[in-house]
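Remarks on the structure that follows.
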Amino acid sequence: MQWTDEGIVLSVRPHGETAAVVELWTRGHGRHLGLVHGGRSRRLRPLLQIGNHVDVTWKARLADQLGHVTLELRRAYAAEAMDDPATLAAVSTVASLTRLLPERDPHANLYEITLFVFGFLNDPTVWPALLVRWELALLEELGFGLDLTQCAATGSNDQLIFVSPRTGRAVSASAGEPYADRLLSLPAFLTKRRTASVTGADIRAGFALTGHFLEARVLAPRGEKLPEPRTRLLDIVAS
């Protein structure tokens with residue numbers, strides 16, 4: 001059997017003397033592994049970099065086999081991010097967290113959001129906030145979406161500045177103030193109060209919010225922790 005799609009390179013590992021096994025996240029076929037003949041060659045190594053956007057042709061005799069993959073480069077996001085540690089960590093973070101999705105299960109909406117985020121990687125004033133939103137979308141795709149539209153206590157949608165770390169629901173200023181030390185901060189850019197400017201504190205609060213629920217609801221039950229690239233990214237953002 002055979003299919004053609006587009007995808008993003010998530011990981012690459014050597015196979016034998018000259019080949020490589022590539023893990024791709026494709027628009028219509030989800031996460032897929034494939035063998036690339038000559039994948040360790042000088043010609044193909046630049047193509048097989050994490051974050052690159054590629055055209056994919058996958059072939060195998062049976063659907064459950066590893067299959068062989070041929071690739072053509074669409075856009076070299078890896079090379080574009082190489083000179084900036086924060087951007088490189090962002091690309092690696094997306095690749096690492098995408099591997100939480102079930103194998104061969106399409107998530108076309110999140111895939112489109114990913115390409116949208118990658119399209120702004122050359123603008124450090126924009127992509128960090130987009131990446132926070134991407135992590136919220138990932139939680140939604142995994143079945144653990146947050147409700148940031150109205151206060152869990154009052155039903156109001158005004159002055160939402162907290163999130164319950166237990167329920168993932170927003171809490172208003174008046175309802176949450178007595179419990180502020182136990183609640184997570186909800187930055188304005190994730191609410192209807194969003195403004196044109198997003199501060200560094202907003203970004204840190206956003207990553208703290210998504211990181212809490214990724215750990216508590218997705219990673220901890222699997223005995224895993226947040227990936228190292230994301231930890232590195234937060235160190236850069238916090239500096």
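The values are calculated or read from the model by the stated rules, or taken from the named source; none is laboratory data. This one's a predicted model, so the numbers in the text were calculated from it and none came from an experiment. When we count neighbours, we look across all protein chains shown, and the Cβ atoms used for this are built from the backbone with ideal geometry, even at glycine. For the accessible areas, the whole protein counts, side chains as well, though only heavy atoms, and no ligand, DNA or RNA atoms are used. Shrake-Rupley method; radii C 1.70, N 1.55, O 1.52, S 1.80 Å.
Largest to smallest in accessible area, the residues Ser197, Ser164 fall in the order Ser197, Ser164 (1.4 Å probe, all protein chains included). Basic side chains Lys and Arg get +1 at the Cβ, acidic Asp and Glu get -1 at the Cβ, and with that the dipole of the chain about its Cα centre reaches some 340 debye.
Sites counted here are GluC sites (Glu not before Pro) in a DSSP loop (not H, G, I, E or B) having no more than 14 other Cβ atoms within 10 Å; the longest part of the chain that contains none of them is 18-223.
Across the protein chains, with a 1.4 Å probe defining accessible surface, the residues Val56, Val198 rank Val198, Val56 from largest area downward. Show that you can apply the helix-only estimate: for the chain, add -39,500 (n - 2.57) for every DSSP H stretch of four or more residues, divide by all residues, and state [θ] at 222 nm to the nearest 500. Computed ellipticity for the chain at 222 nm equals -9500 deg cm²/dmol. For the residues Leu138, Leu66, Leu209, a GNM of the chain with alpha-carbon springs under 10 Å puts the largest fluctuation on Leu66. What a 1.4 Å probe finds exposed on the chain is 52% carbon and sulfur by accessible area, rounded to a whole percent.
Percent of C-alpha pairs per 5 Å bin in the chain, short distances first: 1, 6, 13, 17, 17, 15, 12, 8, 5, 4, 2, 1, 0. Taking all Cα pairs closer than 8 Å and separated by 6 or more residues, the relative contact order of the range 93-239 comes to 19 percent. A Gaussian network model of the chain, with springs between Cα atoms under 10 Å, assigns the largest mean-square fluctuation among Arg193, Arg204, Arg133 to Arg193. For the residues Arg166, Arg182, Arg74, a 1.4 Å probe over the protein chains yields an accessible-area ranking, largest first, of Arg166, Arg182, Arg74.
The mean sequence distance of close C-alpha pairs (under 8 Å, at least 6 residues apart), as a share of the length of the range 92-165, puts its relative contact order at 20 percent.
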